[in-house]
Every structure is written in C-alpha cells, then in structure tokens.
Amino acid sequence: MQKEKKVLLGLKLPTDPRWVNIVEKDLQEILTDHAYCEQKAASNAISVIVKFPEYTEVVKEMVRICNEEMMHFDQVHDEIIKRGFQLGRERKDEYVHDLMGFIMTGGSKEKHFVERMLFSAMIEARSCERFKILSEQVSDEGLRQFYRDLMESEAEHYATFIGFAKKYGGDIDVDQRWKEFLEFEATLMHKYGKTQTMHG
C-alpha cells in the first residue's frame, strides 16, 4: 500500500508506519490538531484570493475550497464532541513552516502564483496520505470512514492547485518545480511522523 500511495500522489517518502500507533494514544490531540489544519487550509484559500484577485476562476475555486475546509473543521469538531473531548488550543505546524521556507521569492507574478499553488498542493498531498493511513489502520471504525471521506476531498484539492499552477504558470516549468518540491518534502519527512499531529 505504501508503494501505491507514492505513485498516486507523487510523494517520495511514506509516513513512518508507527505514526498510527502514536496517534491512537491520544485521539483528542490528533483531532484538535486536525481541526486547526482545516481552519488553516481555509485561511490559505482566503490568502490566495487576497494575493491573486485577478484570477477570477481561482477566486471562485478558493471560495469553494474555503467553505469546504470550514465544513471539515465543523465535522472534526463534531468528532471531538462525540468522543467527550473538547477542542484544545492551536498547535504550531512545524511541517508547514519548514515547507514555506522552500518557497522562492522574487520574480514574476506567475512565479509567485506557481509557488503558492505548489506549496498548497504539497500540504494537501501529505494530508491525503495521512488520511488514507488513518482510514485503513486506525482502530476506531467511525474514524476510519470519516477519514476515507475526507481523503477524497483532499485529493481533489491537491489536483485543483496543481491544475491552476499549470494553467496560469506561463513559461514556468511547473512539472520540474513540482519535482523539486517533492524532493525537498521528502527530506522533511525524516524528522516528522513522530507526534500526535496531522503533519508532525
């Protein structure tokens, strides 16, 4: 199954299989972190609108994605309540912070746009991989189905970001830059997959 995930999403390094065992020791922790990941994804979509309002098609899609991500936040919050937990405080996402450091600055509007789209696609790709793992391996049957449904949405968002990068990237070699993102992300994964967080 790990090989299938790498082919499907292009990821170079799969999550450490022991991550699920770590997650299951504290479901409240992973669900809280997941809820805030959805909120941050919605914020990212809003940020794209603010930075690139001239791309009308992109703006419309970001509104849709923002609404979906906040709906997912609500769904995760319901899972938290269902289990007698309560939403905790936001955690800093070190993975996203590290990935953001790989974004190239300077250059054309198209370059800025492509960097933001690939950054967003990368987060969705890894989230989708983590959701797939949870949908197959977490012992809580309710959460298995929950993450199976969310996995499909994350995969669709990933494809949307990649598609926009290629459509509006001008002369930029998006495929080559995406390969560079994948290679860099693989180096990050050597230090992640060890905590009860969605990306950590």
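Details
- Flag if residue 193 is surrounded by 19 or more Cβ atoms within 10 Å (Cβ to Cβ) and on the phi > 0 side of the Ramachandran plot: yes
- Subset tally (residues that are surrounded by fewer than 17 Cβ atoms within 10 Å (Cβ to Cβ), modelled with pLDDT under 90 and of a type in the set (D, E, K, R)) for the range 1-39: 5
- Residues of the range 80-100 that are of a type in the set (Gly, Ala, Ser) and modelled with pLDDT under 95: 88 alone.
- Considering (1) buried (at least 19 other Cβ atoms within 10 Å of the Cβ); (2) at pLDDT 95 or above, the lone condition that residue 155 does not fulfil carries the number (2).
- Single condition residue 161 does not satisfy, out of (1) farther than 26 Å from residue 28 by Cβ; (2) touching a Ser or Thr at 6+ places or on another chain (Cβ under 7 Å); (3) free of Cβ contacts under 8 Å to residues at least 12 places away in the same chain: (3)
- None of 172, 133 is out of contact with any Leu (no Cβ under 9 Å at 6 or more places or on another chain) and part of a loop (DSSP other than H, G, I, E, B) except 172.
- Contact map, the range 70-95: first residue without any contact (Cβ under 8 Å) to a residue 60 or more places away in the chain and of a type in the set (A, V, I, L, M, F, W, C), second residue surrounded by 13 or more Cβ atoms within 10 Å (Cβ to Cβ) and assigned to a loop (DSSP other than H, G, I, E, B), Cβ cut-off under 7 Å, separation 6 or more or different chains; pairs are 80/87.
- The number of residues in the range 96-113 that are touching a residue at least 40 places away in the same chain (Cβ under 8 Å), surrounded by fewer than 16 Cβ atoms within 10 Å (Cβ to Cβ) and assigned to a loop (DSSP other than H, G, I, E, B) comes to 1.
- Of the set (1) of a type outside the set (D, E, K, R); (2) buried (at least 19 other Cβ atoms within 10 Å of the Cβ); (3) in contact with a Leu (Cβ under 7 Å, 6 or more places away or on another chain); (4) farther than 22 Å from residue 197 by Cβ, all apply to residue 62 but (3).
- Residues in the range 65-95 that are among the aliphatic types (A, V, I, L, M) and either over 17 Å from residue 47 (Cα atoms) or surrounded by fewer than 19 Cβ atoms within 10 Å (Cβ to Cβ) (or both): 70, 71, 76, 80, 81, 87.
The values are calculated or read from the model by the stated rules, or taken from the named source; none is laboratory data. Fair warning: this is a prediction, and the values are worked out from it, not measured in the lab. Note: ideal-geometry Cβ built from the backbone for every residue, glycine included; neighbour counts use all protein chains shown.
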